[in-house]
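Engineer: I have a structure here, written as structure tokens, and I will follow up with some questions on it.
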Amino acid sequence: MPTLDGAVHRCVTAGDVRLHIAEFGAGHPVVLLHGFPQHWYAWRRLVPLLAADHRLVCVDLRGFGWSEQTRRGYDTDSAAGDILALLDALGLERVTLVGHNWGAGVGFRLCLRAPERFSAFLGLNMAHPWTPHRSILPNLWRMWFTAFIEYPVVGRWVLRHRPAFTRYLLRRAVADPGQWQESELTEFAEATQVSAHAGQSMFWQYVVRDIPAGFLGTHRRARLTVRTMVLGGELDPVIPPALLRGGEAHADDLTVRVIPGAGHHLHEERPELVAQAVRDLSAARPAAPPR
């Protein structure tokens with residue numbers, strides 16, 4: 001496991017799965033959900049900026065990092081259920097939520113499903129559930145790489161036996177590939193080899209569940225009541241700024257910002273900016289509703 005100053009590691013039983021978490025600092029609790037192809041160590045550049053006055057709970061999603069790998073349970077609803085069970089196990093009634101990429105997708109589902117558990121939500125490099133079809137269709141080509149991941153046999157083989165593909169995905173996703181250290185690329189590529197089943201299953205469940213739900217408008221009547229900020233990168237090759245528009249009518253308090261010159265890993269490329277966004281959301285968190 002990679003090391004990071006101040007980390008306290010433990011595994012917590014959350015429903016039917018044991019999730020690994022790395023905790024830092026003390027203060028208002030902030031739960032951080034990584035994207036693909038990363039794990040808790042994705043937040044290594046953000047942690048030193050926030051740990052002095054926040055309790056940071058960096059979660060390994062089911063099957064990733066050092067969390068338990070199970071045969072099933074990699075759809076978005078199950079991932080959201082895992083996090084709610086984790087909050088219960090940790091005795092956390094209300095937290096600020098931060099998610100990147102897939103973790104942000106889970107974050108939106110959590111805020112719609114159990115808004116009373118979240119004082120604020122920061123979504124990084126992920127479209128909201130109300131992106132208009134006219135914006136999605138012209139950008140579907142950007143997901144070409146998922147064809148090598150999502151199919152049950154091929155996807156697991158690629159993720160397990162072709163770590164160069166994972167390294168390529170990480171390099172192409174940022175505005176400046178030189179920002180990655182070789183040790184970081186190696187860490188995430190090797191971890192993806194171990195979690196190949198989880199990675200492939202997550203993409204496949206998105207294909208068979210979330211894409212049809214999106215085109216059927218399953219979540220379009222849901223209203224986002226949690227104070228939310230979405231940050232996207234101007235040069236994001238996966239989730240471009242066009243996919244971040246159109247959600248304001250479905251939310252009580254939704255702010256969207258596009259960061260000039262940044263790509264798909266804002267927590268890696270602009271950690272100071274992301275840390276400030278967390279501070280702003282935490283400072284303005286509303287009082288907990290009566291229970």
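Engineer: Can you tell which of Asp176, Asp236 is among the acidic types (Asp, Glu) and crowded, with 17+ Cβ neighbours inside 10 Å?
Structural biologist: Exactly one residue qualifies, and that residue is Asp236.
Engineer: Could you tell me which numbered condition Asp176 fails, if it satisfies all but one of (1) under 24 Å from Leu231 (Cβ atoms); (2) of a type in the set (Asp, Glu); (3) within 14 Å of the chain's Cα centre (by Cα)?
Structural biologist: (3)
Engineer: Might you check whether a residue that is more than 18 Å from Leu254 (Cβ to Cβ), in a strand (DSSP E or B) and in contact (Cβ under 8 Å) with a residue 12 or more places away in the chain occurs anywhere in the range 86-95?
Structural biologist: Initially, the range 86-95 is screened for residues more than 18 Å from Leu254 (Cβ to Cβ), giving 86-95.
Among the residues that remain, those that are also in a strand (DSSP E or B) are: 95.
Of the ones still in play, those that are also in contact (Cβ under 8 Å) with a residue 12 or more places away in the chain are 95.
Yes, some residue in the range 86-95 is more than 18 Å from Leu254 (Cβ to Cβ), in a strand (DSSP E or B) and in contact (Cβ under 8 Å) with a residue 12 or more places away in the chain.
Engineer: Would you be able to say whether some residue in the range 248-270 is among the polar types (S, T, N, Q), under 18 Å from the mean Cα position of the chain (by Cα), part of a helix (DSSP H, G or I) and at negative phi?
Structural biologist: Taking the range 248-270 and keeping what is among the polar types (S, T, N, Q), we get 255.
Subsequent filtering for residues that are under 18 Å from the mean Cα position of the chain (by Cα) retains 255.
With part of a helix (DSSP H, G or I) added as a condition, the list becomes none.
The answer is no, given that none of the residues of the range 248-270 is among the polar types (S, T, N, Q), under 18 Å from the mean Cα position of the chain (by Cα), part of a helix (DSSP H, G or I) and at negative phi.
Engineer: Working only within the range 1-41, note down all residues that are small (Gly, Ala, Ser) and in a strand (DSSP E or B).
Structural biologist: If the condition is that a residue be small (Gly, Ala, Ser) and in a strand (DSSP E or B), then Ala14, Ala22 are the ones that fit.
Engineer: Consider Leu169 carefully, then state whether it is closer than 18 Å to His100 by Cα, in contact (Cβ under 8 Å) with a residue 40 or more places away in the chain and either of a type in the set (Val, Ile, Thr) or in contact with a strand residue (DSSP E or B) (Cβ under 7 Å, 6 or more places away or on another chain) (or both).
Structural biologist: Answer is no for this residue.
Engineer: Right, next: Identify the residue in the range 115-158 that is among the β-branched types (Val, Ile, Thr) and assigned to a helix (DSSP H, G or I) and, among all such residues, is nearest to Gln205 (Cα to Cα).
Structural biologist: Among those that are among the β-branched types (Val, Ile, Thr) and assigned to a helix (DSSP H, G or I), it is Thr146.
Engineer: How many residues does the range 159-184 hold that are in a helix (DSSP H, G or I) and of a type in the set (Phe, Trp, Tyr)?
Structural biologist: 2
Engineer: Still on this structure, I have one more. For the range 120-171, name all the residues that are touching a helix residue (DSSP H, G or I) at 6+ places or on another chain (Cβ under 6 Å), over 26 Å from Arg109 (Cα atoms) and of a type in the set (Val, Ile, Thr).
Structural biologist: Once the filter is applied, which keeps residues that are touching a helix residue (DSSP H, G or I) at 6+ places or on another chain (Cβ under 6 Å), over 26 Å from Arg109 (Cα atoms) and of a type in the set (Val, Ile, Thr), the range 120-171 yields Val158, Thr166.
Engineer: I would also like to ask the following. Residues Thr225, Thr218: which one is surrounded by fewer than 16 Cβ atoms within 10 Å (Cβ to Cβ) and at pLDDT below 95?
Structural biologist: Working: Thr225 fails: at pLDDT below 95.
None of the others qualify; the one that does is Thr218.
Engineer: Can you find even one residue in the range 264-285 that is of a type in the set (Val, Ile, Thr), touching a strand residue (DSSP E or B) at 6+ places or on another chain (Cβ under 9 Å) and surrounded by 14 or more Cβ atoms within 10 Å (Cβ to Cβ)?
Structural biologist: yes
Engineer: Among (1) closer than 20 Å to Ala283 by Cα; (2) polar (S, T, N, Q); (3) touching a helix residue (DSSP H, G or I) at 6+ places or on another chain (Cβ under 7 Å), which single condition is Gln69 missing?
Structural biologist: (1)
Engineer: Tell me, yes or no, whether the range 190-210 has at least one residue that is exposed (fewer than 14 other Cβ atoms within 10 Å of the Cβ) and either touching a helix residue (DSSP H, G or I) at 6+ places or on another chain (Cβ under 7 Å) or part of a strand (DSSP E or B) (or both).
Structural biologist: yes
The values are calculated or read from the model by the stated rules, or taken from the named source; none is laboratory data. Keep in mind it's a predicted model, so treat the numbers as computed, not measured. A quick note on method: Cβ atoms are made from the backbone with ideal geometry, for glycine too, and the neighbour counts reach across all protein chains shown.
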